[in-house]
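Below you'll find the structure, written out as structure tokens, and then a few comments.
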Amino acid sequence: MRNIFSIIFLFLMTSAHAQVKWMSLEEALSAQKVAPRKIFIDFYAEWCGPCKIMDKTTYGHPLIAKYLNEEYYAVKFDAESREKVTYGGRAFINPGFEPGKRRNSLHEFTRYMNVSAVPTIVFLDEHSMPITILQGAFTAQELEPYLPFMASDGYKKITTREQWENYQRKFKSSIVE
């Protein structure tokens, strides 16, 4: 009996510390050249409350963290950062960035990806081309159906809203909230 409690405690401690292995955009693009897989970009801002909730509850969920780590290169990108990034042979900056300012202008890369609000998720295919954008905060259970759908190229087979709704109805979540 004592061993069972020890195993349960160990499992709970391990799952409570599940973490996504975030990388920079440049790291993900480089890794993709060596071992192709899709890129998952989380656009966030330091001041964004829903972004912080997603960090803790959505990305902190063991099943979501495990799936992102195994199937994607996960990128966390500050939508208002001052860093210079290169994507598709083009350099992007944030010319309107003002140090010390609570909210800054959107980074050129953020705008290039058609991200106008945070939190937003952008999926890129194995060739770094955009697949789709998900705007707004997602719980782990809300995000879960998208992860295998994108990773397995399910999006290439869906052509109507009815097909997407059918996929969602048939999807069996592994997450209990």
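The values are calculated or read from the model by the stated rules, or taken from the named source; none is laboratory data. Since this is a predicted model, take the numbers as computed values, not measurements. So basically every Cβ, Gly included, is an ideal-geometry build from the backbone, and we count neighbours across all protein chains shown.
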### Query
Just one of the numbered conditions (1) more than 19 Å from GLU126 (Cα to Cα); (2) surrounded by fewer than 18 Cβ atoms within 10 Å (Cβ to Cβ); (3) modelled with pLDDT of 95 or more is not true of GLU27; which one?
(1)
### Summary
Quick count over the stretch 137-162, residues being loosely packed, with under 12 Cβ neighbours inside 10 Å and either of a type in the set (Val, Ile, Thr) or not in a loop (DSSP other than H, G, I, E, B) (or both), is 5
### Summary
All-but-one check, LYS66 against (1) charged (D, E, K, R); (2) under 19 Å from GLU46 (Cβ atoms); (3) surrounded by 12 or more Cβ atoms within 10 Å (Cβ to Cβ), failing number (2)
### Message
Being assigned to a helix (DSSP H, G or I) and either of a type outside the set (Asp, Glu) or at pLDDT below 95 (or both) is the filter here; which residues of the stretch 63-117 pass it?
### Response
LEU63, ILE64, ALA65, LYS66, TYR67, LEU68, ASN69, PHE109, THR110, ARG111, TYR112
### Pick from the stretch 121-136, criterion in contact (Cβ under 8 Å) with a residue 60 or more places away in the chain and more than 16 Å from ARG37 (Cα to Cα), ranking: surrounded by the most Cβ atoms within 10 Å (Cβ to Cβ)
ILE121
### Message
Here are the criteria: (1) without any contact (Cβ under 8 Å) to a residue 12 or more places away in the chain; (2) closer than 25 Å to SER30 by Cα; (3) loosely packed, with under 12 Cβ neighbours inside 10 Å. Tell me which single one LYS172 does not satisfy.
### Response
(2)
